[in-house]
Amino acid sequence: MMFSIFKKKSTDEQLKSDLFDFLAEMEKNLEFFYVMDQRQFITHGFLTDTWPRVKETDIIKRHESIAIYARATEDFNHSLKAFRDYEAWYTGDANNKTPEGGRKLHTLKHELDLKLKGMESIIIPAGQDLEREMLQLGLLKT
């Protein structure tokens, strides 16, 4: 009986820690968005390290905005990798530098830029929903 109390407490503490980490990651991703948007230059992908630790919790599952956020960050990162891989292939050999290859590289970059433009309107509502949940749980103070 006593061990189940300790287990519950450590599970609650882990959830609290994971939620704070996830919120901090969202805030960092919003900062990344603002820097990349302001500079008009994509420097790196978005952080997604804590998503696997929180995605199955009821708090997270209640909000479609958070699931949309997770899909959008993963999609952006996948698109960035595809662009960089193609860019490396394209620039790696003079024989690859064809008009068709140039158009494909331009299309990949344009799609990536469009995905970046939409990120602010995805990150903010997800962060607000998470903050609201954490306030209701007493994890955050107003």
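The values are calculated or read from the model by the stated rules, or taken from the named source; none is laboratory data. Note that the structure is predicted; figures quoted are calculated from it, not measured. So basically every Cβ, Gly included, is an ideal-geometry build from the backbone, and we count neighbours across all protein chains shown. The area values use the complete protein model at the heavy-atom level, side chains included, leaving out ligands, DNA and RNA. Shrake-Rupley method; radii C 1.70, N 1.55, O 1.52, S 1.80 Å.
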### Query
Among (1) free of Cβ contacts under 8 Å to residues at least 40 places away in the same chain; (2) under 22 Å from the mean Cα position of the chain (by Cα); (3) over 28 Å from L19 (Cβ atoms), which single condition is T91 missing?
(2)
### Message
If a residue must be surrounded by 10 or more Cβ atoms within 10 Å (Cβ to Cβ) and either at pLDDT below 90 or within 18 Å of the chain's Cα centre (by Cα) (or both), how many such residues does the stretch 1-16 contain?
### Response
9
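Being charged (D, E, K, R), assigned to a helix (DSSP H, G or I) and either closer than 16 Å to N77 by Cβ or open to solvent by 40 Å² or more (accessible area, probe 1.4 Å) (or both) is the filter here; which residues of the stretch 17-60 pass it? It would help to see each step written out before you state the result.
Going residue by residue through the stretch 17-60, those that are charged (D, E, K, R) are 18, 21, 25, 27-28, 31, 37, 39, 49, 53, 55-56, 58.
Retained after the next criterion (residues that are assigned to a helix (DSSP H, G or I)): 18, 21, 25, 27-28, 31, 37, 39, 53, 58.
Scanning the stretch 17-60 gives D21, E25, E27, K28, E31, D37, R39, R53, D58.
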### Message
Any residue at all in the stretch 58-81 that's touching a Ser or Thr at 6+ places or on another chain (Cβ under 7 Å) and modelled with pLDDT under 95?
### Response
no
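Yes/no matrix, rows are residues, columns are (1) out of contact with any strand residue (DSSP E or B) (no Cβ under 6 Å at 6 or more places or on another chain); (2) among the hydrophobic types (A, V, I, L, M, F, W, C); (3) in contact (Cβ under 8 Å) with a residue 24 or more places away in the chain; (4) within 18 Å of T48 (Cβ to Cβ):
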| position | (1), (2), (3), (4) |
| --- | --- |
| H78 | yes, no, no, yes |
| E111 | yes, no, yes, no |
| S121 | yes, no, no, no |
| M134 | yes, yes, yes, no |
| G138 | yes, no, no, no |
## Note on the structure
Going through (1) free of Cβ contacts under 8 Å to residues at least 24 places away in the same chain; (2) assigned to a helix (DSSP H, G or I); (3) of a type outside the set (A, V, I, L, M) one by one, T73 fails only at (1)
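Is it the case that R84 is assigned to a helix (DSSP H, G or I), closer than 30 Å to D58 by Cα and within 22 Å of the chain's Cα centre (by Cα)? Walk me through how you get there before you give the answer.
Working: assigned to a helix (DSSP H, G or I): yes; closer than 30 Å to D58 by Cα: no; within 22 Å of the chain's Cα centre (by Cα): yes.
No; evaluated as a whole, the condition is false for this residue.
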### Query
Quick one: is T91 more than 28 Å from M26 (Cα to Cα) and part of a helix (DSSP H, G or I)?
yes
### Query
Counting only residues that are open to solvent by 60 Å² or more (accessible area, probe 1.4 Å) and among the hydrophobic types (A, V, I, L, M, F, W, C), which one in the stretch 89-142 is nearest to F32 (Cα to Cα)?
L114
